[in-house]
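The values are calculated or read from the model by the stated rules, or taken from the named source; none is laboratory data. None of these values were measured; they are calculated from a predicted model. Don't worry about glycine lacking a Cβ; one is built from the backbone with ideal geometry, like all the others, and counts go over all protein chains shown. Note: accessible area is taken over every heavy atom of the protein model, side chains too, but ligands, DNA and RNA are not part of it. Shrake-Rupley method; radii C 1.70, N 1.55, O 1.52, S 1.80 Å.
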Amino acid sequence: MMQTTEIICLDQFLPSQMVQAIQLHHGLEKAPYTYIPKRGQTDLKSPQDIQVYAVNTNFTLRWNYTGNDTDVTFSAEYQWFGDPQTSETEWKELPGCQNVTDTECDFSSAITEYNDRHLVRVRAERKEDKSPWSSVFEMIPYFIAQIGPPEVHLQSINGAIKIQVSHAEPNQVQKMWVTLSSFKYNLVIWENSSDAEVRSQNIFPVDTISDLAPETTYCLKVQATLFFQEGLFSPIHCVKTTRKVNYLFCPANLKVFALNMQFHLHWNNPYKQHVNYTVQYLLGFFKTLPDDHSVKWLSVPRCENITNTKCNFTSIITVISAFYYLRVQAMSEYNKSCLSKEVKIDPLSTNEFGPPRIRLDISDVLLHVQISPPGGEENKVMRVHYYFSYRIVYWKNSSDNEEEKRVKEIKQTIATISDLTPSTQYCVKVKALSEAYNKTSPFSNEECIKTSPDKMLPLIILATFYVFFPSCTPPLNIEGFGEQLFGSPYLPTVEEPIESCYVIESIIEEVNQNDFKDYKHSKQSSRDSGNYSNDDDTSGSKGSEGMLEKEII
């Protein structure tokens with residue numbers, strides 16, 4: 001009996017259990033079928049563990065493949081969601097990752113937009129057979145990229161090491177990191193010996209490492225950081241220091257004194273040789289750039305070729321929020337030059353406050369304190385940047401009454417102290433505080449003043465009183481001046497519409513009670529005789545009278 005073989009096509013591969021069942025059904029050791037998979041389907045396995053590794057703008061796609069197949073290659077596709085010419089569902093071939101034999105490929109040329117969303121997938125291929133696509137790897141390049149190792153150049157100069165660090169992406173047209181001035185650099189350095197102590201410090205792109213042993217080999221490596229992201233370390237570099245030349249006339253012990261935004265630099269020369277000094281400054285911004293800033297130093301005006309050892313450099317502090325660096329160049333009578341160490345200036349942090357000035361005044365048993373802030377009212381920089389508050393300390397100046405000092409905290413420059421004892425001398429002192437900078441001034445000079453005696457005080461008519469006609473809201477600068485001031489029933493409520501207001505100003509005048517009675521009597525007589533005028537509203541005269549009486553305190 002002749003056996004025939006049927007050929008069928010299946011949309012999916014038959015599981016091994018089904019193949020065995022067919023064999024048993026036909027009583028054959030081998031099923032009488034030849035299975036030809038549908039075109040495009042294969043028994044190739046999909047790549048697994050898809051990952052993208054990025055250093056600066058270099059991108060590598062890596063994966064694992066567990067199949068035992070031979071002659072297998074791999075190809076990848078990607079989607080770029082920032083491409084306006086393609087739809088989100090359109091996959092494109094990933095350049096550099098087509099028909100590769102290894103389990104990784106470099107696709108750096110395909111990524112040009114580092115803040116856009118990208119999708120990547122890969123599959124195995126063998127001639128016409130292709131595996132299903134792997135799982136999709138999603139990324140935004142900027143967030144997965146590592147900062148690459150910087151380039152480091154060293155030079156041994158006068159017992160120190162001058163170091164220049166190049167940007168983490170040297171010679172790259174397309175850069176991942178565009179904020180050059182935001183990079184910080186961490187240096188790790190040690191002596192090239194078995195028991196060397198390793199030290200770490202922050203450096204600028206161009207910097208000098210001092211405090212090193214002469215004629216000693218040091219090894220170091222540098223790491224770039226950007227905000228909270230740490231980069232890869234550079235290769236290790238080693239260099240031998242030279243012997244340091246000590247110039248006896250070199251400026252030493254540079255110190256900055258700053259008071260009320262007046263800045264002075266002092267230094268000394270212990271050997272008292274005949275030396276001319278020039279003070280130089282550099283804007284701190286230049287130190288953050290990878291360029292050599294040695295030519296950026298400028299001379300401080302009126303501090304060039306001077307013989308004394310101090311300099312007023314207030315004129316160069318033109319940007320209060322910027323950093324500055326100062327150094328002093330000395331020139332000996334033999335035309336030899338030496339530069340001092342640099343000193344860093346942060347104007348708002350370096351500056352100290354002088355004491356405020358105060359002025360006292362008494363009205364009845366109220367003590368008024370007027371404060372002039374440190375530096376004076378004309379020092380706008382101090383007032384704007386420090387946001388002063390004030391601590392007022394006051395006490396009775398009495399030998400037979402040892403009363404504790406009282407404290408009042410305010411944010412204004414005018415304060416009123418109440419509940420004072422008549423016929424008593426009070427003393428006051430004030431200090432200024434800046435919470436933002438954690439700074440405090442010294443106390444002002446103590447000022448003392450005596451309250452009025454405990455007797456009937458003369459009545460004082462306010463220097464300026466206001467008469468309001470109905471439906472008029474009082475000016476904002478006197479609202480809330482006193483509860484009695486606006487207690488008249490003739491004054492309008494806040495809800496009433498605002499109409500016209502009339503302001504009558506008077507001079508300060510003191511009267512006693514008898515004078516006040518005569519004044520009221522005279523005014524009443526005037527009203528009875530009709531000698532008053534109100535062209536617009538007769539009710540206004542009644543409000544005016546009530547207001548005038550209530551303004552006398």
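Of the numbered conditions (1) open to solvent by less than 20 Å² (accessible area, probe 1.4 Å); (2) modelled with pLDDT of 95 or more, residue 51 satisfies every one except a single condition; which is it?
Every condition holds for residue 51 apart from (1).
Identify, by number, the condition in (1) farther than 30 Å from residue 182 by Cβ; (2) without any contact (Cβ under 8 Å) to a residue 60 or more places away in the chain; (3) in contact with a Ser or Thr (Cβ under 8 Å, 6 or more places away or on another chain); (4) not polar (S, T, N, Q) that residue 133 doesn't meet.
(2)
Yes or no, residue by residue, for (1) in a strand (DSSP E or B); (2) within 30 Å of residue 290 (Cβ to Cβ):
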{"site": "115", "(1), (2)": "no, yes"}
{"site": "133", "(1), (2)": "no, no"}
{"site": "148", "(1), (2)": "no, yes"}
{"site": "173", "(1), (2)": "no, yes"}
{"site": "188", "(1), (2)": "yes, yes"}
{"site": "195", "(1), (2)": "no, no"}
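Residue 64: loosely packed, with under 15 Cβ neighbours inside 10 Å and over 30 Å from residue 218 (Cα atoms), yes or no? If you could, list the steps in order and put the result at the bottom.
Values: loosely packed, with under 15 Cβ neighbours inside 10 Å: yes; over 30 Å from residue 218 (Cα atoms): yes.
Yes: the conditions hold for residue 64.
Filter the range 113-123 for residues that are surrounded by fewer than 16 Cβ atoms within 10 Å (Cβ to Cβ) and either touching a strand residue (DSSP E or B) at 6+ places or on another chain (Cβ under 9 Å) or more than 27 Å from residue 177 (Cα to Cα) (or both); which is modelled with the highest pLDDT? If you could, list the steps in order and put the result at the bottom.
Our first condition is that a residue be surrounded by fewer than 16 Cβ atoms within 10 Å (Cβ to Cβ); within the range 113-123, this holds for 113, 115-117, 119.
Those still in the list that are either touching a strand residue (DSSP E or B) at 6+ places or on another chain (Cβ under 9 Å) or more than 27 Å from residue 177 (Cα to Cα) (or both) too: 113, 116-117, 119.
Numbers: 113: 90, 116: 92, 117: 92, 119: 95.
Looking at residues that are surrounded by fewer than 16 Cβ atoms within 10 Å (Cβ to Cβ) and either touching a strand residue (DSSP E or B) at 6+ places or on another chain (Cβ under 9 Å) or more than 27 Å from residue 177 (Cα to Cα) (or both), I get 119.
Restricting to the range 337-375, what's the tally of residues that are more than 28 Å from the chain's Cα centre (by Cα) and either in a strand (DSSP E or B) or more than 24 Å from residue 209 (Cβ to Cβ) (or both)?
Total meeting the criteria: 21.
Working carefully through the options 278, 288, 208, find the one that is of a type in the set (Val, Ile, Thr) and touching an Asp or Glu at 6+ places or on another chain (Cβ under 8 Å). Walk me through how you get there before you give the answer.
Working: 288 fails: touching an Asp or Glu at 6+ places or on another chain (Cβ under 8 Å); 208 fails: touching an Asp or Glu at 6+ places or on another chain (Cβ under 8 Å).
Answer to the selection: 278.
I'd like the full set of residues that are under 30 Å from residue 346 (Cβ atoms) and open to solvent by 60 Å² or more (accessible area, probe 1.4 Å), limited to the range 236-263. Give the derivation first.
Taking the range 236-263 as the starting set, the residues that turn out to be under 30 Å from residue 346 (Cβ atoms) are 244, 247, 249-263.
Correct list: 244, 247, 253, 255, 257, 259, 262.
Return the residue satisfying two criteria in turn: it lies in the range 361-388 and is among the polar types (S, T, N, Q) and open to solvent by less than 70 Å² (accessible area, probe 1.4 Å), and of such residues it is nearest to residue 424 (Cα to Cα).
Pass one, the range 361-388, residues among the polar types (S, T, N, Q): 363, 370, 372, 379.
Those still in the list that are open to solvent by less than 70 Å² (accessible area, probe 1.4 Å) too: 363, 372, 379.
Working: 363: 13, 372: 25, 379: 35 Å.
The residue in question is 363.
Does residue 233 fit the bill of being open to solvent by less than 90 Å² (accessible area, probe 1.4 Å), of a type in the set (Phe, Trp, Tyr) and on the phi < 0 side of the Ramachandran plot?
Values: open to solvent by less than 90 Å² (accessible area, probe 1.4 Å): yes; of a type in the set (Phe, Trp, Tyr): yes; on the phi < 0 side of the Ramachandran plot: yes.
Spelling it out, residue 233 is indeed open to solvent by less than 90 Å² (accessible area, probe 1.4 Å), of a type in the set (Phe, Trp, Tyr) and on the phi < 0 side of the Ramachandran plot.
Name every residue in the range 129-153 that is open to solvent by 50 Å² or more (accessible area, probe 1.4 Å) and over 26 Å from the mean Cα position of the chain (by Cα), in order of residue number.
Kept after step one, since they are open to solvent by 50 Å² or more (accessible area, probe 1.4 Å), are these residues of the range 129-153: 129-130, 132-133, 135-136, 138, 140, 142-144, 146, 149, 151, 153.
Selection gives 129, 130, 132, 133, 135, 136, 138, 140, 149, 151, 153.
In the range 188-207, is there at least one residue being touching a Gly at 6+ places or on another chain (Cβ under 7 Å) and either at negative phi or not basic (Lys, Arg) (or both)? Spell out how you get there, then give the answer.
Step one: list which residues in the range 188-207 are touching a Gly at 6+ places or on another chain (Cβ under 7 Å), which gives none.
No: zero hits.
Between a first residue in the range 258-286 that is on the phi > 0 side of the Ramachandran plot and assigned by the TED database to the domain that holds residue 331 and a second residue that is of a type in the set (Ser, Thr, Tyr) and open to solvent by less than 50 Å² (accessible area, probe 1.4 Å), which pairs have beta carbons less than 8 Å apart while being 6 or more apart in sequence or on different chains?
261/314
Please enumerate the residues belonging to the range 275-305 that are open to solvent by less than 60 Å² (accessible area, probe 1.4 Å), among the aliphatic types (A, V, I, L, M) and either at pLDDT 95 or above or not in a strand (DSSP E or B) (or both).
Within the range 275-305, 279, 282, 289, 300 meet the criteria.
Hey, residue 196 hits all of (1) open to solvent by 50 Å² or more (accessible area, probe 1.4 Å); (2) free of Cβ contacts under 8 Å to residues at least 24 places away in the same chain but one; which does it fall short on?
(1)
If you go through the range 338-360 one residue at a time, do you hit one that is touching a His at 6+ places or on another chain (Cβ under 7 Å), open to solvent by 50 Å² or more (accessible area, probe 1.4 Å) and not assigned by the TED database to the domain that holds residue 210?
No - not one qualifying residue is present in the range 338-360.
Residue pairs, Cβ under 6 Å, 6 or more apart or interchain, first in the range 368-389 and free of Cβ contacts under 8 Å to residues at least 40 places away in the same chain, second open to solvent by less than 90 Å² (accessible area, probe 1.4 Å) and not basic (Lys, Arg). List them.
383/373
Of all residues in the range 100-112 being within 16 Å of residue 58 (Cβ to Cβ) and polar (S, T, N, Q), which is most open to solvent (accessible area, probe 1.4 Å)? Lay out the reasoning, then the answer.
Taking the range 100-112 and keeping what is within 16 Å of residue 58 (Cβ to Cβ), we get 104-112.
When the remaining residues are screened for being polar (S, T, N, Q), the result is 108-109, 112.
On the way: 108: 26, 109: 96, 112: 65 Å².
Ranking the candidates gives 109 first.
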